[in-house]
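Each remark here refers to the structure printed beneath this line.
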Amino acid sequence: MPDIKVTPLGAGQDVGRSCILVSIGGKNIMLDCGMHMGYNDDRRFPDFSYVTQNSRLTEFLDCVIISHFHLDHCGALPYMSEMVGYDGPIYMTHPTKAICPILLEDFRKITVDKKGETNFFTSQMIKDCMKKVVPLNLHQTVQVDEELEIKAYYAGHVLGAAMFQIKVGSESVVYTGDYNMTPDRHLGAAWIDKCRPDLLISESTYATTIRDSKRCRERDFLKKVHETVERGGKVLIPVFALGRAQELCILLETFWERMNLKAPIYFSTGLTEKANHYYKLFITWTNQKIRKTFVQRNMFEFKHIKAFDRSYADNPGPMVVFATPGMLHAGQSLQIFKKWAGNEKNMLIMPGYCVQGTVGHKILNGQKKLEMEGRATLDVKLQVEYMSFSAHADAKGIMQLIRMAEPRNMLLVHGEAKKMEFLKDKIEQEFSISCYMPANGETTTIVTNPSVPVDISLNLLKREMALGGPLPDAKRPRTMHGTLIMKDNSLRLVSPEQALKELGLSEHQLRFTCRVQLHDPHSDTDTLGRIYTHLKSVLKSYSIQHVPDGTVIVESIVIKVTSSAEEPNLKVILLSWSYQDEELGSFLSTLLKNGLPS
Amino acid sequence: MDSDCLSLLPAVCLVLADPQQSPPDDTSLEKLLDWFKELHIQSNGQVLLQHQPCLLEFISSVCTSKTTDPAIISFTLKLTGLLAATKQGFHLLEEGGLLLCAFEREACYVCDIWEDASVRSGWLQGLLNMLKHQNALDFIRGNGLIKVVLQLQNDRSLFVASLANQLLVHILNFLTSSNMTNGSDAVGSSVSSLRSDWVSVSSEIMNAVVEALRSEDHPRVLLGLRLLSLVLFQCGEPIRSTLWKDVLVPLEVLINRGSESLTQTLMTVLQAAVRTPLLGQSEYKVEELLEAMLGHGNRKECFQCAALVVKLEKCPEISKRKATGIILLPLQCVSTQPQTEVETNLVLNEQLSQKASCISLLMQSLSSLAELAHTKYLFDDISIHSITSSVVLLLRMCSGHCPSSLLHINASIHLIGCCKVQRCGLDTLGPYHKCKDILITCYMGDHVCSADLFPVLEKRMWDLRWDVRDSTLEFITQLTVTGFTEALHTSGMVSVLLSSLADTEGYVRASAVAAVGEAVTASFHQAALERNSNLLEKALTQMMIVLSQDTEGFPRRAVVKAFTSWLKGSHPVTALDSSLSSVLSLGGNDFDWEVKMHTLELAEVLMEKTLTCCPYMQNVDFSEKTCLTQTLSRLKDFGLFDLLFNSLFDCDRPVCEKACALLVRLRTLTAETADLDHSALVLNVCGNRWGDEVQRRYLKKQRAKASACATDGILDLNDMQRMLLLSSDHVVNSPQSLMEDILSAAQESEENIVDCY
């Protein structure tokens, strides 16, 4: 039986880096190629030696698919393609291809700055890697090779995020990447058609949570910023160049406009402009509201948000500053933090994940005294808030997606084991499908039913309909007879007559014959008469004819009697039947072998 | 540092052992183990265990608790193994019954927690850590743990299975290491030279390999082969030859069966065997097996084998020759006249007639040839000319050319537009030829003429895809380097390059900057600048625009790099001088710290040039100080000091570090020259960002002006440099900080919901 194999190298029962190997119909596909930012050695990348043992990745993998630009989904890509060596195709959506190198570059820059960093990719490697990327549009079916095709669906989550359908022959897998089933301020909700894949691989970050609406979190965020600014404090929001930053900018911009606030908002990085450029360029990927208002006012052209100069940090009065990098471990955000940390009027809002060892991580863990360079300590008096804005589907959303796609099997990744367990039970109960949750390094095998699509001729279908019975129904299979023609890689079911005609063949009738010897003292004609009577009594529901030329006919079976002059009592009964009546024919031969009733 | 850490250890142990606490950040435990490993290397386990009784308590409480998180159990097993790696540590743990408690066989199976792959992997890693002395091996043997390891070799988790293999090899290796009673490494010495109670260990493992190879179960055979190759790679005698003798028969059966899915793994085994003294001894049949693998080029997997054989460093010449022949077959078959031998190769013909197999076969051929050329293993009697012309023909077929007499029409159809083969073909040609001629031949067909090349390149420059435009620019830069400058100018390509400086894509602008930079440099070399003086002028203007206005870092970085390479060039161009101060000032104030770094590198070159070009430097006479003063004041005019002092207080460490190093160098130089005329070198401190910093930090007396040298004195540069070099790792990697993080995370009750970058 054909099967689909799934082996996570990352994201199997964890929320680290995603990297999932799928083997379907003889094709090997890598879904995402993420990096773990918490390490500063090779442990940050998936161990690709498990993929191939000795051969090159290019020989093993048919393609790599990247779901979206977050580094835990694409961060190991340049390492894999340029340092380990992979020359095959890499697929991602157009926005992802545009934004991915910005984030990779951003992370490279903050990484090479650190001491003790080894084995990291360079700018040139990022560029060379991006040249191997084949960008694709939503709902565009891309033929990777003759057998393998992929198709992207909208996933929400971040700009350009996509779910991917992977199809080889009649087998298919859908990989969700990260997705969001409720529209947010600038992105729409994920959508997929009823594609009934053999397997749906879904993220399960919020497997047990029914999240408070994102709107609540946003209101909370705005309230806190507003309060701080009102009392004359300064707000620092460490961000990475792209992603959450834009989301928060839109939020503040509209709020400032509505409340007519005067405190300045600054953005500290040179990358914003570029980032905003992409949000404008890929406006079709944002949600309906943004697209509608785009004509009157572009959401991404900010009136209140201005470029930051480092001298502004000392200016008196309230202000809001977005500064990079997002984990407060270097550069401008750290410098501003040091200046503002001592004042309890100020506030720090951390909108994203912080790696262990960074100042951001320490502060989120509640440390109030930080050791800075040169053994000086820094008292953290400002208020610290953590605000998660990440847009993942919650349990309800995941169930909703299952209803949408109607998969035959389900596999959970990108979540914590305990929470997955809960969701797995729920899914198995509600949908009566198997749900798997392999750990990293473990392979799940899903047996699929080979289904071979066949075209059926209209005539045959009409004839079948004419015979009566229920109308054709996808859910109620029924038997049909016809001739299967395999020609030019296509399969067609037609009536035998049509097949003969099409292929220019003449029909051959196959008949079976058999001789049965019988001792019977009567004349040949009488013997035949006795056979006729005997069959009449045995085969009551059959039409049996006694033809004057000396034959008895039952259905297609012809019976004759002969005898030789030397032995007139030894009758030879000849039976002949066509292959349709094979059963009846052999029954009659057995019956006659047993003799006639006296 | 370590004593601070050790004082935190008891608290950390308590937190980790507490089943109520959720385990810390997934990297923290790994990093904590890293620290223990370091400690272990520095001292030994005994000291640690004796002085830190909390560790014993921790291990004991984790092992006896039924509710602990799998991550913590896995960590504990690894740690226990690490602490038991010394005899003293081992005894301490054994006395307390902790070793059995952690590793015993029954403990493994009864608990549900064993279902978790991380626990199994921790168990194996623990044993692997521990196996440094005989007692550890006796412990493993005496408690029947080898069986468990052999079972784990079959584990459903790739990670666990691979670790089990490593442990088995480590055990075998350990048996034969210096602990062995008879330390001979001669091939053929027998296992009986091992300690008698250890013979059973080695035979248990080796029997498992033999059985696996005999098995009909495909995954099991694979596992056996993997272990076998690991043993061959890592183990010495007598294990190696004993095992080889045992597996020889099943191995021959497997090879002769010719299963495609085993080819790769079988080759790995042979590859390992070839590197050992087993090669060359007829009874071990290594050469025979290699021959059998290669067959006669008439099996599908032969090509893959041949590709692997040509990579072997130590390989019998006969096999290598045969493999080379097989490697060449597909290439010959596609690109040359029909040959009888090739014609009759049905397998090859079939492979070439299908697109996917045709392309992969040719790519394998090409990359193996490239490999051969690199390692200079190609035999003399093979015509390099015929190889290169075949490859060139192949490349032309990729661009749609169809030779009239072809054996494989199908193959030529498959090749049209096939980038994979094109790329691979070019890589192959590289080592065989001067690349550029071939490149041109490929692109232009028969007309080897650079004048025809540029229209093609120009067309590619207007491609919609940025990657195509960028690669074309990179190619043009290469051409310029290799001496096509003249043609570049006459063909009008330069104006195309200049217009590319305004491309919509940052990557392309950066490559355009590099190409223009190279074109200008090449013009200097050819002393043809007068003719192209226009070029320099235009280039300078546009590059300054890029540096001051471009929204992306790459193009700005490229501009500064171009200036650096111009300045480094042997032909000093006075026209540059006027732009230099702008470059230093713009580059020094950039958002991107890497632009700043490149600017500092430019400053470094400027310093070198200016200081060494001083005509009187060699003469130690009165004019020396005048000269230096003049030079310094010239540097000041360029804005070099503003750049250096500004960068000294930058928020990015690498920038500060570089600036500091440059200032120290300047100071050394000025200090060597006594009686410098300070008044001639007055910097205006006021109104400068760095000036404010200097004033704030060090000048309590208000002083409006300071000389560069005096400022050097005011700032303790040495101390700054030391600080910058020492600390300032923005992500704190110290174990102390790690432990503090674990402790504070435990106090923080609110869970921060997982989020991503």
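The values are calculated or read from the model by the stated rules, or taken from the named source; none is laboratory data. These numbers come from a predicted model, not from an experiment. Every residue, glycine as well, gets a Cβ built from its backbone with ideal geometry; the counts of neighbours run over all protein chains shown.
Residues considered: A:427, A:446, A:398. Of these, the only one that is more than 23 Å from residue A:156 (Cβ to Cβ) and either touching a helix residue (DSSP H, G or I) at 6+ places or on another chain (Cβ under 8 Å) or in contact (Cβ under 8 Å) with a residue 12 or more places away in the chain (or both) is A:446. For residue B:283, are the conditions met, namely being within 23 Å of residue B:329 (Cα to Cα) and surrounded by fewer than 21 Cβ atoms within 10 Å (Cβ to Cβ)? Judged against the criteria, residue B:283 is not a match. Output yes when any residue across the range A:205-226 is within 13 Å of the chain's Cα centre (by Cα) and aromatic (Phe, Trp, Tyr), and no when none is. The answer is no; no qualifying residue exists.
Within the range B:452-480, restricting attention to residues that are among the β-branched types (Val, Ile, Thr) and touching an Asp or Glu at 6+ places or on another chain (Cβ under 7 Å), the residue that is modelled with the highest pLDDT is B:477. Given the criteria acidic (Asp, Glu) and under 17 Å from residue B:170 (Cβ atoms), does residue B:204 qualify? Yes: the conditions hold for residue B:204.
So that you can scan it fast, the table gives a plain yes or no per residue for (1) in contact (Cβ under 8 Å) with a residue 24 or more places away in the chain; (2) among the aliphatic types (A, V, I, L, M):
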position	(1), (2)
A:9	yes, yes
A:36	yes, no
A:43	no, no
A:49	no, no
A:67	yes, no
A:84	yes, yes
A:96	yes, no
A:100	yes, no
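For the range B:41-68, the tally of residues that are farther than 18 Å from residue B:11 by Cα, surrounded by fewer than 20 Cβ atoms within 10 Å (Cβ to Cβ) and touching a helix residue (DSSP H, G or I) at 6+ places or on another chain (Cβ under 9 Å) stands at 7. Only one entry in A:259, A:299 is at pLDDT 70 or above and in the same structural domain as residue A:233 (by the TED database), namely A:259. Considering only the range A:1-49, state which residues are closer than 22 Å to residue A:69 by Cβ and of a type in the set (Val, Ile, Thr). Within the range A:1-49, A:15, A:20, A:22, A:29 meet the criteria.
Once the range B:260-289 is narrowed to residues that are among the hydroxyl-bearing types (Ser, Thr, Tyr) and either in contact with a strand residue (DSSP E or B) (Cβ under 7 Å, 6 or more places away or on another chain) or touching a residue at least 24 places away in the same chain (Cβ under 8 Å) (or both), the residue that is nearest to the other protein chains (Cβ to nearest Cβ) is B:268. Working only within the range A:371-389, note down all residues that are free of Cβ contacts under 8 Å to residues at least 24 places away in the same chain, within 11 Å of chain B (Cβ to nearest Cβ) and not acidic (Asp, Glu). Matches in the range A:371-389: A:374, A:375, A:376. Scanning the range A:367-381 for residues that are part of a loop (DSSP other than H, G, I, E, B) and at pLDDT below 85 gives A:372, A:376. For the range A:104-127, taking the residues that are hydrophobic (A, V, I, L, M, F, W, C) and modelled with pLDDT under 80, the one that is surrounded by the most Cβ atoms within 10 Å (Cβ to Cβ) is identified as A:110.
Elements of the type helices (runs of 4 or more DSSP H) sitting completely within the range A:449-543 and holding at least 1 residues that are under 30 Å from residue A:559 (Cα atoms): these cover A:496-503, A:524-538.
So that you can scan it fast, the table gives a plain yes or no per residue for (1) under 17 Å from residue B:28 (Cα atoms); (2) part of a helix (DSSP H, G or I); (3) without any contact (Cβ under 8 Å) to a residue 24 or more places away in the chain:
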| position | (1), (2), (3) |
| --- | --- |
| A:339 | no, yes, no |
| A:344 | no, no, no |
| A:356 | yes, no, no |
| A:361 | yes, yes, no |
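For the structure I just gave you, tell me whether residue A:411 is within 41 Å of the chain's Cα centre (by Cα), assigned by the TED database to the domain that holds residue A:109 and assigned to a strand (DSSP E or B). So residue A:411 fits the description; yes. Cβ contacts < 6 Å: first residue more than 30 Å from residue A:250 (Cα to Cα), restricted to the range A:184-211; second residue in a loop (DSSP other than H, G, I, E, B), any location; separation 6+ or different chain. Result? Here the result reads A:194/A:406; A:196/A:406; A:197/A:407; A:198/A:408; A:198/A:448; A:200/A:407, each pair linking the range A:184-211 to a residue that is in a loop (DSSP other than H, G, I, E, B). Restricting the search to the range B:253-264, which residues are in a helix (DSSP H, G or I) and surrounded by fewer than 20 Cβ atoms within 10 Å (Cβ to Cβ)? Within the range B:253-264, B:253, B:256, B:257, B:260, B:261, B:262 qualify. Checking each residue in the range A:50-66 for being in contact with a strand residue (DSSP E or B) (Cβ under 6 Å, 6 or more places away or on another chain) and either in a loop (DSSP other than H, G, I, E, B) or not assigned by the TED database to the domain that holds residue A:101 (or both) picks out A:61, A:62, A:66.
For the range B:576-599, the criterion of being among the small types (Gly, Ala, Ser), at pLDDT below 85 and in a helix (DSSP H, G or I) is met by at least one residue. Taken together, the residues in the range B:461-498 that are surrounded by 20 or more Cβ atoms within 10 Å (Cβ to Cβ) and within 18 Å of residue A:133 (Cα to Cα) amount to 4. For the range A:67-82, indicate whether the set of residues that are under 24 Å from the mean Cα position of the chain (by Cα), part of a strand (DSSP E or B) and either outside the structural domain of residue A:424 (by the TED database) or within 19 Å of residue A:167 (Cα to Cα) (or both) is non-empty. No, the conditions are met nowhere in the range A:67-82. If I filter the range A:98-157 down to residues being at positive phi and of a type in the set (Gly, Ala, Ser), which single residue comes out as nearest to the chain's Cα centre (by Cα)? Ranking the candidates gives A:156 first. Quick test for you: out of A:398, A:349, A:402, A:363, pick the one residue that is under 23 Å from residue A:234 (Cβ atoms) and either more than 35 Å from the chain's Cα centre (by Cα) or assigned by the TED database to the domain that holds residue A:177 (or both). Exactly one residue qualifies, and that residue is A:363. If only residues of the range A:312-356 that are of a type in the set (Phe, Trp, Tyr) and closer than 27 Å to residue A:391 by Cβ are counted, the one that is farthest from the other protein chains (Cβ to nearest Cβ) is A:322. Checking A:365, A:440 one by one, the residue that is of a type outside the set (Lys, Arg), within 12 Å of chain B (Cβ to nearest Cβ) and in contact with a helix residue (DSSP H, G or I) (Cβ under 6 Å, 6 or more places away or on another chain) is A:365 and no other. With the structure loaded, tell me whether residue A:215 is within 14 Å of another protein chain (Cβ to nearest Cβ), out of contact with any Lys or Arg (no Cβ under 8 Å at 6 or more places or on another chain) and at pLDDT below 80 or whether it fails that test. No: the conditions fail for residue A:215.
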